[in-house]
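Everything below concerns the one structure shown next.
The values are calculated or read from the model by the stated rules, or taken from the named source; none is laboratory data. Worth saying up front: this structure is predicted, and the values here are computed from it rather than measured. Here the Cβ positions follow ideal geometry from the backbone for every residue, glycine too, while neighbour counts run over all protein chains shown. All accessible areas refer to the heavy atoms of the entire protein, side chains included, with ligands and DNA or RNA removed. Shrake-Rupley method; radii C 1.70, N 1.55, O 1.52, S 1.80 Å.
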Amino acid sequence: MEPPARSDTGGGTSETGARKRRPWRDNAACSGKLSRETDAGRLLLFRTPVWEPGPRPQHCPGDGFSLTSKNENARRPAAMSLFNTVRNTIVPVHKEGYPFVAAFFVASLVLGWIFKPLFWIGMIFTLWCAYFFRDPERVTPQDDDLVISPADGKVSAIQMVTPPAELNLGSEPMLRISVFMNVFNCHVNRAPMRGRIVSINYRSGSFVNAELDKASEDNERNGLVIETRHGQIGVVQIAGLVARRILCWANPNEPVDAGERFGLIRFGSRLDVFLPAGAAPRVSLGQTAVAGETVIAEFASAKGPVISRRS
């Protein structure tokens, strides 16, 4: 036999007693105070009052329940911060490198099918290939008196020499600053100064070590002449011992900005910059230069801060 229900005044479980104990609105549910702790977080329970003559307030969560974690809001900023860090760290690959990266990856799959450990060796070379063809952003000073490094690498020569005959820059010695790129440097080439491209001259040749001085005369090369505020300058792409392809997507009579990409050399090479009288070196032998950012020479006296352009 079921026990009799308690009286209304005794705080029993009868419907009348429940109505007396509950206000017109279930404030506990709407304020979120009706809850209990669980291992997964805070469990919020919301009840629908039996008797509720007025409309529900807009701020009331409503019927049902929701499960929220205490650390949910803390995790979101951390996850977004990690995502942004990874995104900003990964440098895009230049489109000229896509076929090479794909070929390295396919070769890794084939080698892995033959012998599994070879797959991981192939993947190391695939990652290196993607790293080689990286194309990062650079912040270039926009000042017509500054000469910016056209390549990443080591400054291998600073001397007065006669420019190559195909550049038609005359027979008088000019200041030559050379930047040697090894297989780990970024190989995207950038214009050292703002101006107009007067001519582009390609010359076939051999493939000796680009770090040697005779590479400027013997190796395959591609030379650009740029008309600037201070006269004509020469920029020469020189193939190296491993490099077998010089790429140049600039065209004669086109304007060019300092730091603008104009070409690429595959797998180790060198760039020479020939400057007319009035240019003073601003780098030293053995110094590491960054394409589009490092000032390698200057035509005027030192001045204050200059405006930079991101490209």
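Before moving on, here are some points about what is shown:
- Residue within the stretch 206-226 that is assigned to a loop (DSSP other than H, G, I, E, B) and either under 18 Å from MET193 (Cβ atoms) or modelled with pLDDT of 95 or more (or both) present: no
- Positions within the stretch 103-136 being open to solvent by less than 40 Å² (accessible area, probe 1.4 Å) and part of a loop (DSSP other than H, G, I, E, B), in sequence order: PHE133, ASP135, PRO136
- Qualifying residue in the stretch 109-127 (condition: among the polar types (S, T, N, Q) and at pLDDT 70 or above): yes
- Filtered by the rule that a residue be under 25 Å from ILE246 (Cα atoms), open to solvent by 20 Å² or more (accessible area, probe 1.4 Å) and under 28 Å from the mean Cα position of the chain (by Cα), the stretch 137-171 gives GLU137, ARG138, VAL139, LYS154, SER156.
- Any chance PHE180 is assigned to a loop (DSSP other than H, G, I, E, B), at pLDDT below 95 and within 28 Å of the chain's Cα centre (by Cα): no
- Scanning the stretch 221-247 for residues that are crowded, with 18+ Cβ neighbours inside 10 Å and not aliphatic (A, V, I, L, M) turns up ARG221, ASN222, GLY223, THR228, HIS230, GLN232, GLY234, GLN237, GLY240.
- Flag if MET174 is touching a residue at least 60 places away in the same chain (Cβ under 8 Å), in contact with a Leu (Cβ under 7 Å, 6 or more places away or on another chain) and open to solvent by less than 30 Å² (accessible area, probe 1.4 Å): yes
- Residues of the stretch 252-311 satisfying the condition of being surrounded by fewer than 23 Cβ atoms within 10 Å (Cβ to Cβ), among the β-branched types (Val, Ile, Thr) and modelled with pLDDT under 90: VAL306, ILE307
- Among the residues of the stretch 250-270, none qualifies, meaning not one is β-branched (Val, Ile, Thr), assigned to a loop (DSSP other than H, G, I, E, B) and in contact (Cβ under 8 Å) with a residue 24 or more places away in the chain.
- Evaluating ARG194 against the criteria (1) open to solvent by 20 Å² or more (accessible area, probe 1.4 Å); (2) at pLDDT below 95; (3) closer than 23 Å to VAL283 by Cα leaves one unmet condition, (2).
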